[in-house]
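Structure first, then comments.
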Amino acid sequence: MSDRTISVVAALIRDDEGRFLLVRKRGTLAFMQPGGKRDAGESDVAALTREIDEELGCRVVDGSARSLGVFDCAAANEPGFRVSAAVYAVEVEGPVIPRAEIEEAVWADAAMLSRLHLAPLTRDHVLPLALAI
């Protein structure tokens with residue numbers, strides 16, 4: 001992996017109505033999957049669980065993580081960088097409350113997606129995959 005590639009884990013989270021949870025970091029425009037970088041020695045699922053708790057205040061349901069694949073694309077907020085993202089479908093419980101670096105969280109339905117500025121990972125990989133399953 002290049003030193004210009006950021007390795008992350010990302011979550012595809014849906015609610016009972018089939019909407020997708022997307023987040024926007026403070027000072028940025030792109031909506032993306034919740035997630036982030038792994039700490040040293042941390043597994044993908046442990047990193048996702050920690051990041052979702054830190055950033056959204058809700059909890060990943062034990063045993064709900066299902067791997068959707070690893071995707072490579074342009075980074076949304078770091079010009080000249082790429083992301084390599086291990087993406088998991090997860091279920092969460094508890095209220096979603098943006099915290100830490102998250103400025104906004106939205107539950108987006110298919111009609112709303114075209115009006116949002118989406119990160120390349122979300123737009124090109126995660127949502128097409130999610131809409132197909």
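The values are calculated or read from the model by the stated rules, or taken from the named source; none is laboratory data. Since we're looking at a predicted model, the values are computed, not measured. Using ideal geometry, Cβ is built from the backbone for each residue, glycine included, and neighbour counts are taken over all protein chains shown.
Return yes or no: is R19 within 22 Å of D124 (Cα to Cα) and modelled with pLDDT under 95?
Values: within 22 Å of D124 (Cα to Cα): yes; modelled with pLDDT under 95: yes.
Yes; evaluated as a whole, the condition is true for this residue.
Of all the residues in region 12-39, those that are among the polar types (S, T, N, Q) and more than 24 Å from P79 (Cα to Cα) number 0.
Residue-wise test of (1) at pLDDT 95 or above; (2) farther than 18 Å from L127 by Cβ.
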{"site": "A10", "(1), (2)": "yes, no"}
{"site": "P34", "(1), (2)": "yes, no"}
{"site": "A65", "(1), (2)": "yes, yes"}
{"site": "F71", "(1), (2)": "yes, no"}
{"site": "P79", "(1), (2)": "no, yes"}
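Within region 26-50, restricting attention to residues that are more than 16 Å from A130 (Cβ to Cβ) and in contact with a helix residue (DSSP H, G or I) (Cβ under 6 Å, 6 or more places away or on another chain), the residue that is surrounded by the fewest Cβ atoms within 10 Å (Cβ to Cβ) is R38.
If the condition is being within 17 Å of R24 (Cα to Cα) and of a type in the set (V, I, T), then region 71-104 contributes V83, V96, I97, I102. For region 69-117, the set of residues classified as of a type in the set (S, T, Y) and under 14 Å from the mean Cα position of the chain (by Cα) consists of S84, Y88, listed by residue number.
State all residues of region 76-126 that are closer than 21 Å to R4 by Cβ and in contact with a helix residue (DSSP H, G or I) (Cβ under 8 Å, 6 or more places away or on another chain); if no residue qualifies, say none.
Restricting attention to region 76-126, the residues satisfying the condition of being closer than 21 Å to R4 by Cβ are 76-87, 119-125.
Those that are closer than 21 Å to R4 by Cβ and in contact with a helix residue (DSSP H, G or I) (Cβ under 8 Å, 6 or more places away or on another chain): A76, V83, A85, A86, V87.
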